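What follows is a short report on a single structure.
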Amino acid sequence: MGWSTEQDGAAAQGGHGAEAAGAGPGEGVRARPPVALSPSRASDFMQCPLLYRFRVIDKLPEKPSAAATRGTVVHAVLERLFDAPAAERTAAGARAMVPGEWAKLLAKRPELAELFAGDADGERLATWLAEAEALVERWFSLEDPTRLEPADRELYVETVLESGLQLRGFIDRVDVAPTGEVRIVDYKTGKAPRPQFAEGALFQMKFYALVMWRLRGVVPRRLQLVYLGSGDVLTYDPGEADLRAVERKLLALWEAIRLATETGDWRPRPTKLCGWCDHQAHCPEFGGTPPVYPLEARPADAGGAPQGRMGAI
């Protein structure tokens, strides 16, 4: 999903809106063990197990992000554009929707106003809106909405694998051809990654393809990533072998999460991304101390593998 992205559909996983806005838990919300897995939360754990804990278990607040919030607005425009008849789906009309979608989002999440604190003349806001409008307009050079009639937009999907693992998430767009072939489309407001880094985005799409296969019994014919930041469209045609491999990876990932949850042993994984993390004050890598673990924990079995490491996945 675009703002990982990600409306997960349950508080235990962290909401799509909460991620975009950087919102923390409400008063009285109690920590609970994770009960399902979404692409964004799977990516969190693979990036850094401690980050996963901060977001899913501790539900620590995060600052609003101008880039993520812009992505939310752009996604809303591209979703609602298809409410209009095909002939009225124009670039000019879509650009004109941007300020209204921002106003709707701000009404729902007033805290987003802090993104433009001190912007008395509105110059920064105007620039930000113009950037969102440019992303929307670029989409028209990549796809022709007058020739598209999506079967689903912002589709919430959820399934339980034979193992008992629950998978869930939101798919930006599902297209179904007259002959029945399914295409899953995801909008990205950033730039396309270099080929050696494309696997992360494809993992998300394969995750959705696996869920759709389990739900509908049909392997999606095509996975399509639309990068509005760079004007690239990346496609991948999965097979059953691909999706079975993703399922095995998710099962191993969930087992690592389960063990970390039981033991309370969440290891940080330092990378270049740490510089953008909101949780440095709580991270041992930066001299911080994590909050008291809010769940009951037991020591790891003697001789067991360290928890929170991803070497086996």
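Looking only at residues in segment 193-218 that are among the small types (Gly, Ala, Ser) and open to solvent by 30 Å² or more (accessible area, probe 1.4 Å), the one that is nearest to Glu137 (Cα to Cα) is Gly200.
Can you pull out the residues in segment 116-125 that are charged (D, E, K, R), open to solvent by less than 60 Å² (accessible area, probe 1.4 Å) and modelled with pLDDT of 95 or more? Answer for segment 116-125, where residues must be charged (D, E, K, R), open to solvent by less than 60 Å² (accessible area, probe 1.4 Å) and modelled with pLDDT of 95 or more: there is none. Tallying residues that are open to solvent by 40 Å² or more (accessible area, probe 1.4 Å), under 24 Å from Ala209 (Cβ atoms) and among the β-branched types (Val, Ile, Thr) within segment 219-271 yields 2.
Checked against (1) more than 18 Å from Tyr187 (Cα to Cα); (2) open to solvent by 20 Å² or more (accessible area, probe 1.4 Å); (3) in contact with a helix residue (DSSP H, G or I) (Cβ under 8 Å, 6 or more places away or on another chain), Trp128 passes all but condition (2). Could you list, in sequence order, the residues of segment 206-233 that are part of a helix (DSSP H, G or I), within 14 Å of Asp175 (Cα to Cα) and in contact with a helix residue (DSSP H, G or I) (Cβ under 9 Å, 6 or more places away or on another chain)? Scanning segment 206-233 gives Tyr208, Ala209.
When we screen Ala107, Ala76, Ala113, Ala96 for residues that are modelled with pLDDT of 95 or more, among the small types (Gly, Ala, Ser) and open to solvent by less than 30 Å² (accessible area, probe 1.4 Å), the only hit is Ala76.
Among residues belonging to segment 26-47 that are open to solvent by 50 Å² or more (accessible area, probe 1.4 Å) and part of a loop (DSSP other than H, G, I, E, B), point out the one that is modelled with the lowest pLDDT. Checked segment 26-47; the qualifying residue modelled with the lowest pLDDT is Glu27. Just one of (1) buried (at least 19 other Cβ atoms within 10 Å of the Cβ); (2) more than 22 Å from the chain's Cα centre (by Cα) fails for Val182. It is (2). Considering Leu125, Leu115, the condition of being in contact with a Ser or Thr (Cβ under 9 Å, 6 or more places away or on another chain), of a type in the set (A, V, I, L, M, F, W, C) and part of a helix (DSSP H, G or I) is satisfied by Leu115 alone. Pairs are defined by a Cβ separation below 7 Å, a sequence spacing of at least 6 or placement on different chains, a first member in segment 57-73 that is of a type in the set (A, V, I, L, M, F, W, C) and at pLDDT 95 or above, and a second member that is buried (at least 21 other Cβ atoms within 10 Å of the Cβ) and part of a loop (DSSP other than H, G, I, E, B); the pairs so defined are Leu60/His279; Ala68/Trp3.
The values are calculated or read from the model by the stated rules, or taken from the named source; none is laboratory data. Note that this is a predicted model, so its numbers are computed, not measured. No Cβ is skipped: glycine too gets one built from the backbone with ideal geometry, and neighbour counts run over all protein chains shown. These accessible areas exclude ligands, DNA and RNA; they are computed on the full protein's heavy atoms, side chains included. Shrake-Rupley method; radii C 1.70, N 1.55, O 1.52, S 1.80 Å.
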